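Nothing in this text is a laboratory measurement; each read-out follows from the coordinates by a stated rule. Just so it is clear, the structure is predicted and the values come from calculations on it, not from any experiment. All Cβ positions, glycine included, derive from the backbone under ideal geometry; neighbour counts span all protein chains shown.
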Amino acid sequence: MWEAASNAMYGLMSAIHGFVGSWGLAIIGLTLLVRLALHPLNHKQLVSMQKMQKLQPRLKMLQEKYKDDKEALSRETMALYKENKVNPAAGCLPLLVQLPILILLFRVLMNSDFGGASFLGVTLEGSVLSTMASALGMVTEEGVQVGFTAVLKGIAANPGGLASVGVYGPNLLLLGLIIFVTWYQQKMTSSGNPQMAMMNYFMPLFMGFICLSLPGGVMLYWGMSSFIGVAQQWWVVRKVSTEEKPTLYKENPLKKGEL
């Protein structure tokens, strides 16, 4: 099943390539088609997340009021969700549905042969580490990934190789853009939530480290998909922020003993 789905997705990307004549544009086109197909699920997930975020101050109010009564806290929390028509699980289900498709797309791009093609200087089959290794004149075995430590040793042995910026620069620049977009997207997600502030720095650095060894084709997909995700999230945030402010018993929850 996975093999058939992979072949179908690769066939679609090849068809786009045959039309546009560029593997880079084919990856972007495939990314746009996948994002378009997943738009309803992404939209539902983002709307749910944004509504939950708007309810955080009121949830905190309930937690403080019923900190010694877990049963009442659970009851009042569910009443708050019902009153504001929010389903806490609505943000998880769309993500679970999307995962197989995203894994499939990732698998296709990881295993695709682009014939040494590049797009705007980005080597589609080479990673940041492998292109830096080439610039440094490092000898690597075919099919063996270059490690981060090996590249550091290569820089120490031949720092002058870094002058060949044209070899690794475009891939490194794309990596920098992915880190920035991830930071911006995370900032939008954690806005107004101090507990998530640390993720503003952890997620971009984590994604940057992961992308160091990913082929340029995968990074191109990830960067394009993330950019579209930011645009969609910005639109949802703007739309939800104009809606009626969520209520909690007319903004004034009754105290214990009041009717």
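For a Förster distance of 45 Å, can you work out the FRET efficiency between the beta-carbons of ALA15 and LYS60, rounded to the nearest 0.05?
Values: r = 52 Å, r/R0 = 1.15.
Computed FRET efficiency for ALA15 and LYS60 comes out at 0.30.
Which distance in nm do the two modelled labels at LYS82 and ARG107 give, with both placed 7 Å along the Cα-to-Cβ direction?
Those two pseudo-labels are separated by 4.3 nm.
At a 10 angstrom cut-off on C-beta neighbours, averaged per residue, how do the peptides 151-158, 116-123 rank from highest to lowest? Please report the intermediate quantities before stating the final value.
Details: 151-158: 14.6, 116-123: 16.9.
The peptides rank, most packed first, as 116-123, 151-158.
For the range 1-115, rounded, prolate or oblate, judged on the Cα gyration tensor with a ≥ b ≥ c (square roots of eigenvalues), a/c < 1.5 rounded, else prolate if a/b > b/c? Could you put the intermediate results ahead of the total?
On the way: a/c = 4.24, a/b = 3.31, b/c = 1.28.
Judged from the Cα gyration tensor, the range 1-115 comes out prolate (a/c at least 1.5, a/b above b/c).
May I ask you to derive the FRET efficiency for TRP234 and LEU33 from their Cβ-Cβ distance with R0 = 22 Å, giving the value to the nearest 0.05?
Details: r = 22 Å, r/R0 = 0.98.
Between TRP234 and LEU33 the formula returns 0.55.
Amide H to amide H under 5 Å from PHE119: which residues, 5+ apart in sequence or cross-chain, H placed 1.01 Å off N in plane?
LEU124
Need the C-alpha centroid separation for the range 101-136 versus the range 1-71, integer Å.
23 Å
Using θ = phi - 60° and the Karplus relation 6.51 cos²θ - 1.76 cosθ + 1.60, list the HN-Hα couplings for the range 152-160 in order, rounded to whole Hz, with x at every Gly or Pro.
4, 5, x, 5, 5, 7, 9, x, x
Using a 7 Å offset from the Cα along the Cα-to-Cβ direction at both TYR201 and VAL139, what is the distance between the two label points in nm, to one decimal?
Modelled inter-label distance: 4.3 nm.
Place the peptides 165-175, 209-219, 55-65 in order of packing, highest mean first, counting for every residue the other Cβ atoms within 10 Å and averaging per peptide.
Details: 165-175: 18.8, 209-219: 20.5, 55-65: 14.6.
Descending mean neighbour count gives 209-219, 165-175, 55-65.
Using the beta-carbon distance between LEU41 and ALA72 and R0 = 30 Å, what value does 1/(1 + (r/R0)^6) give for FRET efficiency, to the nearest 0.05? Show your work: numbers first, answer last.
Values: r = 35 Å, r/R0 = 1.16.
Efficiency computed from Cβ-Cβ geometry: 0.30.
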